[in-house]
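Trainee: Please read through the structure below; I'll follow up with questions.
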Amino acid sequence: GQQVMQIPQYQHVQEGEDFTTYCNSSTTLSNIQWYKQRPGGHPVFLIQLVKSGEVKKQKRLTFQFGEAKKNSSLHITATQTTDVGTYFCAGAGTYKYIFGTGTRLKVLA
Amino acid sequence: GAVVSQHPSWVICKSGTSVKIECRSLDFQATTMFWYRQFPKQSLMLMATSNEGSKATYEQGVEKDKFLINHASLTLSTLTVTSAHPEDSSFYICSALTGGGGQPQHFGDGTRLSIL
């Protein structure tokens, strides 16, 4: 079945450093969503990418969808302690989403 | 907007008990809701897709007789864990779509289920 992998699994960064998580799907995706889950919380929708090669920015966050629509990345510039959490990509199947394995980010002050 | 309420947030019960979890969309109608299970420090595993007025679609490996899903209205879906055992202990979380496919999922706060 469809698999969505993310790397790295964990990332510890010093506050102010950049962070990137990569998402790879075994199949071509119609679109991809990104979510953030704080410790003890529920996933919160960040963004959706639909077009091949699409790049979207939200303040310090940059999201990219690969040309083949099988991979995506999330880059955070100058991390802050509020960025702590697990970032999940979710690849669209037929009326359902398959969540990636997640990248857990820790930011050291 | 797009608030999803999940209840209860925490359940501790004895083995053999059946537990019902509710997922409500408070300010929108949700024709589709999803039920996920999440183990500690792991990803969300889709258990089933719940569609209002029809039978839920279960993912491979999920026992439909064990995890009963009812989506009786456009704002409420329920998951009942029947005859729960310790291996059913987990974090269960629902989400709802405000529209059709390709829309953001709005998640409830989740239910932490502990079976003794």
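Trainee: What is the gain in length, in nm to one decimal, between A:L108 and A:T81 on full extension, counting 0.36 nm per residue of separation less the C-alpha to C-alpha distance?
Mentor: 9.0 nm
Trainee: Using a basic spin-label model with each label point 7 Å from the Cα along Cα→Cβ, how many nm lie between B:M45 and A:Q58?
Mentor: 2.8
Trainee: Gap in Å between the Cα centre of region B:38-75 and the Cα centre of region A:37-88?
Mentor: Comparing the Cα centres of region A:37-88 and region B:38-75, I get a distance of 26 Å.
Trainee: Moving on to the next point. Kirkwood hydrodynamic radius for chain B: how many Å is it when counted over pairs of different Cα atoms?
Mentor: Every distinct Cα pair counted, the radius reaches 14.0 Å.
Trainee: Now for a separate question. Net charge within 12 Å of A:Y10 by Cβ-Cβ distance, Lys/Arg positive one each and Asp/Glu negative one each, not counting A:Y10 itself?
Mentor: +3
Trainee: Give the aspartates and glutamates whose C-alpha is closer than 19 Å to that of B:K66, dropping any in the same chain fewer than 8 places away, or say none.
Mentor: In chain and number order, the partners are B:E22, B:E87, B:D88.
Trainee: Regarding region A:63-109, what is the average projected area of its C-alpha convex hull, in nm²?
Mentor: With the hull built on Cα positions only, its mean projection is 4.1 nm².
Trainee: I've got another one for you. What residues of region B:1-45 lie in the reach of a label at B:T82, counting those whose backbone N is under 14 Å from a point 7 Å from the Cα along Cα→Cβ?
Mentor: Of the residues in region B:1-45, B:16-20 have backbone N under 14 Å from the label point off B:T82.
Trainee: If you wrap chain A's Cα atoms in a convex hull and average its projection over all directions, what's the area in nm²?
Mentor: If I average the Cα hull's projected area over directions, I get 6.4 nm².
Trainee: Of all the Cα-Cα pairs you can form in the protein assembly as shown, what percent are over 27 Å apart?
Mentor: Values: 8504 of 25200 pairs.
Taking all Cα-Cα pairs of the protein assembly as shown, the fraction more than 27 Å apart is 34 percent.
Trainee: Return the lysines within reach of A:K57: Cα separation strictly under 24 angstrom, same-chain partners fewer than 8 residues apart disregarded; answer none if there are no such residues.
Mentor: The reachable lysines, counting only those whose Cα sits under 24 Å from A:K57, are A:K36, A:K69, A:K70, A:K106.
Trainee: Kindly state, to the nearest 0.05, the FRET efficiency for B:S54 paired with B:D109, given R0 = 41 Å and r defined as their beta-carbon distance.
Mentor: Between B:S54 and B:D109 the formula returns 0.95.
Trainee: Tell me, what is the percent relative contact order of chain B, built from C-alpha pairs under 8 Å that lie six or more residues apart?
Mentor: Numbers: 296 pairs, mean separation 42.6, N = 116.
Taking the mean separation of contacting Cα pairs over the length of chain B, I get 37 percent.
Trainee: A further question on this structure: Spit out the partnerless Cys residues in chain B, using Cβ distances under 4.7 Å as the pairing rule.
Mentor: So, B:C13.
Values in this text are rule-based calculations from the coordinates and carry no lab data. All values reported here derive from a predicted model rather than from experimental measurement. We place every Cβ from the backbone using ideal geometry, glycine too, and count neighbours over all the protein chains shown.
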